[in-house]
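The block underneath contains the structure these notes are about, expressed in structure tokens.
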Amino acid sequence: MSTTGSTRAFAPFEWLVALRYLRPRRKEGFISVIALFSFIGIVLGVATLIVVMAVMNGFRQELFNKMLGLNGHVVVHSLGNFTDYDEVAGRIREVPGVKFALPLVEGQVMVSTPSTSSGALVRGLREGDLKQLTAVSKNVRFGTLDGFDKEPGVALGSRLANELNVRVGDEVSLLTPRGASTALGTAPRVKRYPVVAIFEIGMSEYDSSIMFMPLKEAQLYFNQPDNVTVLEVVLDSPDEVGKLGPRIITAGGPSIYISDWRQRNATFFTALEVERNVMFLILTLIVLVAALNIIAGLIMLVKDKGHDIAILRTMGATRAAVMRIFFITGTSIGVVGTLAGFALGVLVCANIDRLRALIGWITSTELFAPELYYLSQLPAEMDTGETASVVIMALVLSILATLYPSWRASRLDPVEALRYE
């Protein structure tokens, strides 16, 4: 029976033969093993790429949100004493694109209890300004920020509170070298404050080292009664900092200069971006190796099926039909493997923190310790464009891997194949 009438592109008989080759008989078991490893390689390669890129994106976004949620997008400094901070802040708030401007006093202290002590960064803010920092005000675990300005008191990060073993209502002692000036020099200042609130931002670096106190109290404690350290400006969009920077300088006057989040965190975010790109290149090799396995498996399949190819050719199958048969065989491995890898990657990303906890419980270790990775949980944020690029790359590599073996199958001479059968 001639197959000439059925040799249109991707005819049903081509699919039938191609899919039959994906289920080899027992004597062709080695080829089946190669096809299976090719499939597993593509699944793992695509899934790993999606998961790693999502985790890297999640780390970057979480760090970005938490770092900029506590620190301003633009920091305004004064060339002299910053005594007119309320006027400057008022003018800066009127700049379109500026969300708010917060005057604050900063200083390093040694905070201690009868049993232990630790270093900390004190930030003096008004109650209204502190409540605008939603990274803090929306994450108060114990106590309250209501009435923060009325009585001297401090708000601690949860890890700092645990380290000092204090709760709301307990008192801590603050020691700073920036005390009162005497004839013998500057005397250190020690003062006790009650803990009025404990917050948990979720970034261990901040939860273990930051504390807040009322602005007026901080000015007195650090001996800056009419002065602030800086103004922190929060924008509607952090990406607009380049455009709004000159406008903020103009509004603030000639006595100020600014620095923005890009300058303060340039090294950190650049390192994250470099690491992310390198990881992408390294993990792409997994998919590439799987594609090479497809080539090896198809070449062996072509050699093994030389007799079948010759029979198909004598029955009327064209070179193009034979090429399409092996193209379908190889591409099926790549397409199904890519889709399975995509599904596995999405599933892992959706349950990434549960898997981290499960693996940690099984191995009795703490994976991604917050002290090392800054975050208290493992984030994963899938980017649509990035995920699509991974899937497309895997599909393209799988398709390209089938071209050469398929072409070799189509060039096989049926007379030579049958002569040595």
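The values are calculated or read from the model by the stated rules, or taken from the named source; none is laboratory data. Predicted model, so just to flag it, every value in this text is computed and none were measured. Here the Cβ positions follow ideal geometry from the backbone for every residue, glycine too, while neighbour counts run over all protein chains shown. Only protein heavy atoms, including side chains, enter the accessible area calculation; ligands, DNA and RNA are left aside. Shrake-Rupley method; radii C 1.70, N 1.55, O 1.52, S 1.80 Å.
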Could you tell me which helices of the chain pass both thresholds, a Cα extent of 15 Å or more along their own axis and a mean Kyte-Doolittle hydropathy of at least -1.0, with helices taken as whole DSSP H runs?
29-70, 241-252, 266-304, 319-350, 352-363, 384-410
Once E106 and A350 are pulled to full extension, the length gained, defined as 0.36 nm per residue separation minus their Cα-Cα distance, is 83.9 nm
Can you list the aspartates and glutamates whose alpha carbon sits under 15 Å from that of K305, skipping same-chain ones fewer than 8 residues off?
E14, E28, D413, E416, E421
Computed FRET efficiency, Cβ-Cβ of F268 and S237, R0 22 Å: what is it to the nearest 0.05?
0.60
When Lys and Arg each count +1 and Asp and Glu each count -1, what net charge do the other residues less than 11 Å away from L121, Cβ to Cβ, add up to?
-1
What does the charge add up to near I392, with Lys and Arg as +1, Asp and Glu as -1, over the other residues with Cβ less than 15 Å from its Cβ?
-2
Taking 7 Å along the Cα-to-C-beta vector as the label spot, tell me the T134-L19 distance in nanometres, rounded to one decimal.
5.2
Using a Förster radius of 51 Å, what is the FRET efficiency between S118 and I392 based on their Cβ-Cβ separation? Nearest 0.05, please.
0.50
Most mobile listed residue (A380, A89, A47) in the chain, GNM with C-alpha springs under 10 Å:
A89
Helix-only mean residue ellipticity at 222 nm for the chain, each DSSP H run of n ≥ 4 adding -39500 (n - 2.57), per residue, nearest 500
-18000 deg cm²/dmol
May I ask you to give the solvent-accessible area per residue for region 124-281, in square angstrom, as obtained with a 1.4 angstrom probe?
49
Carbon and sulfur: what percent of the chain's accessible surface (1.4 Å probe)?
60
Suppose R0 equals 60 Å; then what is the FRET efficiency for N227 and V278 from their Cβ-Cβ distance, rounded to the nearest 0.05?
0.85
Looks like region 195-275, by Cα gyration tensor root eigenvalues a ≥ b ≥ c and the a/c under 1.5 rounded cutoff (else prolate when a/b is bigger than b/c, oblate otherwise), is oblate
